[in-house]
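What follows is a single structure, written as structure tokens, with notes after it.
The values are calculated or read from the model by the stated rules, or taken from the named source; none is laboratory data. This structure is a prediction, so every number in the text was calculated from the model and none was measured. Ideal geometry is used to build each Cβ from the backbone, glycine not excepted, and the neighbour counts take in all protein chains shown.
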Number of protein chains: 2
Amino acid sequence: MRNLHAKILVLGGGFGGLSFCRHFSHPGAEITVVDRTNHHLFQPLLYQVAMAGLSAPDIAQPIRSILAHKPGLTVIMDEAVAVDLPARQVNCHKNTFPFDYLVLALGGVTSYFGHPEWETFAPGLKTIDDALRIRRNVLLAFEQAETEVDPRRLSSLMTIVVIGGGPTGVELAGACAELAHRVLCKDFDHIDPSRARIILIEASDRILSHLPPDLSDSARAQLEGLGVLVRIKSPVRSITHGRIELASGEVIEAENILWAAGIMAHPLTRKLGVETDRVGRLKVLPDLSLPGYPQVFAIGDMVSLQQENGKPVPGVAPAAMQMARHVARLISDDLDLGRGRSPRPPFRYVDKGTLATIGRSKGVALFGKIKLHGYLAWIGWLLIHLLFLIGFRNRVSVLVSWTYSYLTYRLGARLITGMPAPDPGNPSAKPGS
Amino acid sequence: MRNLHAKILVLGGGFGGLSFCRHFSHPGAEITVVDRTNHHLFQPLLYQVAMAGLSAPDIAQPIRSILAHKPGLTVIMDEAVAVDLPARQVNCHKNTFPFDYLVLALGGVTSYFGHPEWETFAPGLKTIDDALRIRRNVLLAFEQAETEVDPRRLSSLMTIVVIGGGPTGVELAGACAELAHRVLCKDFDHIDPSRARIILIEASDRILSHLPPDLSDSARAQLEGLGVLVRIKSPVRSITHGRIELASGEVIEAENILWAAGIMAHPLTRKLGVETDRVGRLKVLPDLSLPGYPQVFAIGDMVSLQQENGKPVPGVAPAAMQMARHVARLISDDLDLGRGRSPRPPFRYVDKGTLATIGRSKGVALFGKIKLHGYLAWIGWLLIHLLFLIGFRNRVSVLVSWTYSYLTYRLGARLITGMPAPDPGNPSAKPGS
């Protein structure tokens, strides 16, 4: 072994970062994992937290606790602000970390395609706090509608627009429709939430465009069955508070506008001095290292890589986890063999299938050539997501929540929390009621 | 029936308000329940949310959903700002409600005994948002300690002070000790959370002073067994950021200072023009109505009432629920008999026992003359709290969480959420890691 104490620095505790830690093991290395939050987030179920089907701790687990039994591993809650690749050093808000090997696994952030001003009016869904904010605003709109007398304002309060017909948008719109049309409708006296409008807006000519056209059609039909209005070929021209203007000139007024239309790589990628694509993803070499820096790797949603068949590796959790395993093997080889195998083997993505759920008992799935619709796709989705959920407690708790919702149609996590602080000038605004 | 559509207005959806709605039923009445939040909170378990043992939705349920099947009942999310008793009208932020009968059930708020400036440095625990804020700050202190080099700062980060030796303070201190000494201790590399100091400060000469002295002694011994430093006869002189000065002149530095020392009635009570006691509780007549207003009642923690034996009715959930049932009967009689029974029967409190838990498998209980310590008290507490938890889902979910924590000593809800918004000038501060 050339280096008895190689320092491996992992930025990000998502699917990629954690998989790397699970697969990498070498007596001559110490690993430091740095994440901005203290928890790993099971992002595929985040929309369920936003739509009050699950509680936040159901889909998140402290990173420390997941990796507690791994020797030679330290978890630090901090945030990278600058990477000095030639000097092999990462500066965070509170600490500075030197490294021998660096694994960049920071994932993506919501992108507004050059319109950052839309973020205020159409929040995206990437973090627990995003999900809790969306939940609060959606539930509050119905609470306000209950006593609203102005018909135009009432219509706006009872309209939810989801922008973006990818998997997140489809799942979100389906869950919105179930929340309004099946759950809330029992609880109000003056409004009828089953008449709430849920509108899914997609710029291109079909939703779920990563799937074959017949599955897109099936998904659309299933969404419409739930009462979602699906609007294809409808690019957005502008968004302001509670108001969307489409390219056609049509205007929709909606208290809740949710953005699920775009993802770009973590902004740190643009500061590395390495080539990126138009959404900021790093153009890595076939072995996933950065050009000119064989000891720096990027994995997951930060990466732009073409497969040998010309298709890009998709930005999904299984791809991030496969990349993590590949990089773990390369670094381990390096440490064993001095300079590693040369040339290093390229990364190859194995597509194990794609699933999307559309509310209760509905969905579409593609496994190789096998296509599933409706109930079967939903069962497949349920099993796979439960299998992947990290941590026993979460798995049981999610199963309880889902079974309960399924049997009773009442969602369990319908809490409005995190309201703005009350006005200190008004003593009655103190909590207690 | 004199009044075919008597309007009953209930302010507050806590134990008192909800019990009233459950017990009151009259064909000639319509009920409106107004609460500042959308959920009923199971306050006795709030400390478990603060100490990451339970998730927020486990102990809260939408008020609409609890009362959904009750005919003639409307739930409004709004906040009372003024009550005009002679005009029989309540003004809220968004609505105005006239009433024939008014039930005041707004509960209490944290009191700092004339030192409102302490609130910033020593948060109280009355709402879900309070609990989530305390959880965040306690967990963040340990995350920061992991990389802290200054020994004085490190000591402060690893010290939690709980002020107030009543049931909430004792339960909170016990749960703090378990979190630090049994759960977090497995997850850190550079610090040893089992060496964290948990200090419970009580001004009087014993903790749990509402119980007999031998149960106080037992509780203290059980707390010390968990590693809590119990300081009696230690009134607080001042609190500033991370620093407490006791009346003795001693100074304790602690990043987390939690306030469990005082409760006062909801501030609205002081604006009614009716006599209140020194903590703002309404001096009601023996039938729980307000002097001069036979159609206005107050129940629960807002009420100051002496029992026939000279002891005050305690500010606990069972008392609020018994009061609710009493008032429900009186109003029903009024509606049936025109002017009601005269004289109205007085309220009588039936004490069914008192319980306090001190961490896992510990506690004290008093049922009539029967005193329980340790494991038996804890089992009693567990069963009673599960029985009382409103809503099936919560009961199952809490049972899962508790069983899991009990078996594995890892608490399930250790999420840090609701961090301050990132600096917009720093693009890397966006979520995604």
Would you confirm, using the coordinates I've provided, whether A:ARG270 is in a helix (DSSP H, G or I) and more than 30 Å from A:LEU376 (Cβ to Cβ)? yes
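Take A:ASP100 and decide whether it is crowded, with 23+ Cβ neighbours inside 10 Å and at pLDDT 90 or above.
no
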Can you report the number of residues in segment A:328-351 which are in contact (Cβ under 8 Å) with a residue 40 or more places away in the chain and assigned to a helix (DSSP H, G or I)? 8
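Which of the following residues is of a type outside the set (A, V, I, L, M) and without any contact (Cβ under 8 Å) to a residue 24 or more places away in the chain: A:HIS69, A:HIS26? Full working, then the answer.
Details: A:HIS26 fails: without any contact (Cβ under 8 Å) to a residue 24 or more places away in the chain.
Just a single option satisfies the conditions, and that option is A:HIS69.
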Can you name the condition, by its number, that A:ALA247 falls short on among (1) among the small types (Gly, Ala, Ser); (2) surrounded by fewer than 18 Cβ atoms within 10 Å (Cβ to Cβ); (3) touching a residue at least 40 places away in the same chain (Cβ under 8 Å)? (3)
Taking segment A:47-75 and keeping residues β-branched (Val, Ile, Thr), surrounded by 24 or more Cβ atoms within 10 Å (Cβ to Cβ) and under 21 Å from the mean Cα position of the chain (by Cα) leaves A:VAL49, A:ILE59, A:ILE63
Given the conditions (1) closer than 22 Å to A:ALA320 by Cβ; (2) assigned by TED's automatic domain parsing to the domain that holds A:VAL183; (3) surrounded by fewer than 24 Cβ atoms within 10 Å (Cβ to Cβ), which single one is not true for A:LEU140? (1)
Being within 14 Å of chain A (Cβ to nearest Cβ), under 30 Å from A:MET77 (Cβ atoms), touching a Leu at 6+ places or on another chain (Cβ under 7 Å) and not charged (D, E, K, R) is the requirement here; does B:LEU157 meet it? no
Hey, could you check segment B:167-202 for residues that are modelled with pLDDT under 95 and outside any helix (DSSP H, G or I) and say which is surrounded by the fewest Cβ atoms within 10 Å (Cβ to Cβ)? B:HIS190
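For every residue, the table says whether it meets (1) buried (at least 17 other Cβ atoms within 10 Å of the Cβ); (2) basic (Lys, Arg); (3) in contact with a Leu (Cβ under 9 Å, 6 or more places away or on another chain); (4) at pLDDT below 95.
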{"residue": "A:VAL296", "(1), (2), (3), (4)": "yes, no, yes, no"}
{"residue": "A:GLN307", "(1), (2), (3), (4)": "no, no, no, yes"}
{"residue": "A:LYS311", "(1), (2), (3), (4)": "no, yes, no, yes"}
{"residue": "A:ALA320", "(1), (2), (3), (4)": "yes, no, no, yes"}
{"residue": "A:VAL327", "(1), (2), (3), (4)": "yes, no, yes, no"}
{"residue": "A:ASP334", "(1), (2), (3), (4)": "yes, no, no, yes"}
{"residue": "A:PRO343", "(1), (2), (3), (4)": "no, no, no, yes"}
Select the helices (runs of 4 or more DSSP H) contained entirely in segment B:1-105, then report the ones holding at least 2 residues which are more than 10 Å from chain A (Cβ to nearest Cβ) and more than 23 Å from A:ASP187 (Cα to Cα). B:46-50
Residue selected from segment A:250-271 under the condition in contact (Cβ under 8 Å) with a residue 12 or more places away in the chain and among the β-branched types (Val, Ile, Thr), by the criterion nearest to A:VAL109 (Cα to Cα): A:ILE263
Can you confirm whether segment B:43-58 contains a residue that is outside the structural domain of B:ASN137 (by TED's automatic domain parsing), within 21 Å of A:GLN144 (Cα to Cα) and either touching a residue at least 24 places away in the same chain (Cβ under 8 Å) or touching a helix residue (DSSP H, G or I) at 6+ places or on another chain (Cβ under 6 Å) (or both)? no
Considering segment B:293-327 alone, what residues qualify as being in contact (Cβ under 8 Å) with a residue 12 or more places away in the chain, of a type outside the set (Asp, Glu) and assigned to a loop (DSSP other than H, G, I, E, B)? B:ILE299, B:LEU305, B:GLN307, B:VAL313, B:PRO314, B:GLY315, B:VAL316
Given (1) surrounded by fewer than 18 Cβ atoms within 10 Å (Cβ to Cβ); (2) of a type in the set (S, T, N, Q); (3) more than 12 Å from chain A (Cβ to nearest Cβ), index of the condition B:THR120 fails: (3)
Scope segment A:163-191; condition of a type in the set (D, E, K, R) and either within 14 Å of chain B (Cβ to nearest Cβ) or touching a Lys or Arg at 6+ places or on another chain (Cβ under 8 Å) (or both); matching residues: A:GLU178, A:ARG182, A:LYS186, A:ASP187, A:ASP189
Go through (1) assigned to a strand (DSSP E or B); (2) in the same structural domain as B:VAL90 (by TED's automatic domain parsing) one by one and return the number of the condition B:LEU366 breaks. (2)
Single unsatisfied condition, A:PHE15 versus (1) closer than 12 Å to A:MET321 by Cα; (2) in contact with an Asp or Glu (Cβ under 7 Å, 6 or more places away or on another chain): (2)
Segment B:263-282: number of residues that are more than 13 Å from chain A (Cβ to nearest Cβ) and surrounded by fewer than 16 Cβ atoms within 10 Å (Cβ to Cβ): 4
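Can you tell me how many residues in segment A:128-154 are outside any helix (DSSP H, G or I) and either more than 10 Å from every other protein chain (Cβ to nearest Cβ) or touching a strand residue (DSSP E or B) at 6+ places or on another chain (Cβ under 7 Å) (or both)?
Residues flagged as outside any helix (DSSP H, G or I) and either more than 10 Å from every other protein chain (Cβ to nearest Cβ) or touching a strand residue (DSSP E or B) at 6+ places or on another chain (Cβ under 7 Å) (or both) within segment A:128-154 amount to 4.
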